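The block underneath contains the structure these notes are about, expressed in structure tokens.
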Amino acid sequence: MLRALPLFLLLAACEGGTVPLDEAPPVDRAVVAPAADAGLPPGPDHGLDSFDPTCRDDAWDPGACDDGQGERRELAGQAHLAVDVPITYADDPPASGDHRGEWARWGAYSALPPQRWLHNLEHGGVAFLYHPCADAADVEALRAVIRARVAVDPAFRYILTPYADLPAAVAVVAWEWRYLAPCVQADVMDAFIDQHYRQAPEDIAADGGYAVGFLGPL
């Protein structure tokens, strides 16, 4: 049960110097739907980082609704790797780890891989994730949590995306911290966000240049 979470402030030095962005030509930021016979997962084309953002198990069950669980995850890396270098993670979902040099524009996505949104977490934002098979009411409740935050702070830094193989219906992930639950409990999520939002190595609010699958702000 997660009601009173310990306040943990990440004390990390900001990285110095200029961070190189991916060396790639500009791309069409619209959602790319591959042909049905292309042998690729549906959804945006993220190159090596593409994943299937659709529900693959109609019998999936998140379990009984409860407060969920928040936990700290040890630092698993934070290097910026080129787009042709494979990146995998031991955790689903990861709360840190090596990632791409170009972070994502803040907002909602039809699908965005962790190789991108981890960089957003490194900049102090949070990622709101939902299982591709999650109930539509839970996804809408997750959006409501975000909208309530934005109403108070229009510059609130967030990513919203489905996440393949999420071991829960919904999750909120901050740098080195994650909260997973079978349903949306707004007060518990808010407590988690209050404690871990903008507690990351770099406090950078600027939009990233990556926006494949971008749907816009909520």
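The values are calculated or read from the model by the stated rules, or taken from the named source; none is laboratory data. Bear in mind that the values here come from a model prediction, so they are computed numbers and not experimental data. Glycine gets a Cβ as well: all are built from the backbone with ideal geometry, and neighbour counts include every protein chain shown.
Taking the stated definitions as given, is A168 modelled with pLDDT of 95 or more and surrounded by fewer than 21 Cβ atoms within 10 Å (Cβ to Cβ)? Outline the logic, then answer.
Working: modelled with pLDDT of 95 or more: yes; surrounded by fewer than 21 Cβ atoms within 10 Å (Cβ to Cβ): no.
Criteria not met by A168.
It is to be established whether one or more residues within region 122-135 are of a type in the set (D, E), more than 16 Å from Y179 (Cα to Cα) and touching a residue at least 24 places away in the same chain (Cβ under 8 Å). Step through it out loud before you land on a result.
The first filter runs over region 122-135 and keeps only residues of a type in the set (D, E), leaving 122, 135.
In the following step, the residues that additionally are more than 16 Å from Y179 (Cα to Cα) were identified as 122, 135.
Going one step further and asking which of them are touching a residue at least 24 places away in the same chain (Cβ under 8 Å), we end up with 122, 135.
Scanning region 122-135, I find at least one residue that is of a type in the set (D, E), more than 16 Å from Y179 (Cα to Cα) and touching a residue at least 24 places away in the same chain (Cβ under 8 Å), so the answer is yes.
Just name the residue that is surrounded by the most Cβ atoms within 10 Å (Cβ to Cβ) out of those in region 60-102 that are of a type in the set (S, T, N, Q) and closer than 24 Å to D207 by Cα.
Filtering first and then ranking leaves S96.
Return the only residue of A127, A206 being in a loop (DSSP other than H, G, I, E, B) and out of contact with any Asp or Glu (no Cβ under 9 Å at 6 or more places or on another chain).
Values: A127 fails: in a loop (DSSP other than H, G, I, E, B).
Exactly one residue qualifies, and that residue is A206.
Looking at G216, G208, G107, G125, which one is surrounded by fewer than 22 Cβ atoms within 10 Å (Cβ to Cβ) and closer than 26 Å to E74 by Cα?
G208
May I ask you to list the residues in region 56-89 that are farther than 26 Å from V188 by Cα and out of contact with any Asp or Glu (no Cβ under 7 Å at 6 or more places or on another chain)?
Result: R56, D57, D58, A59, H80, D84, V85, P86, T88, Y89.
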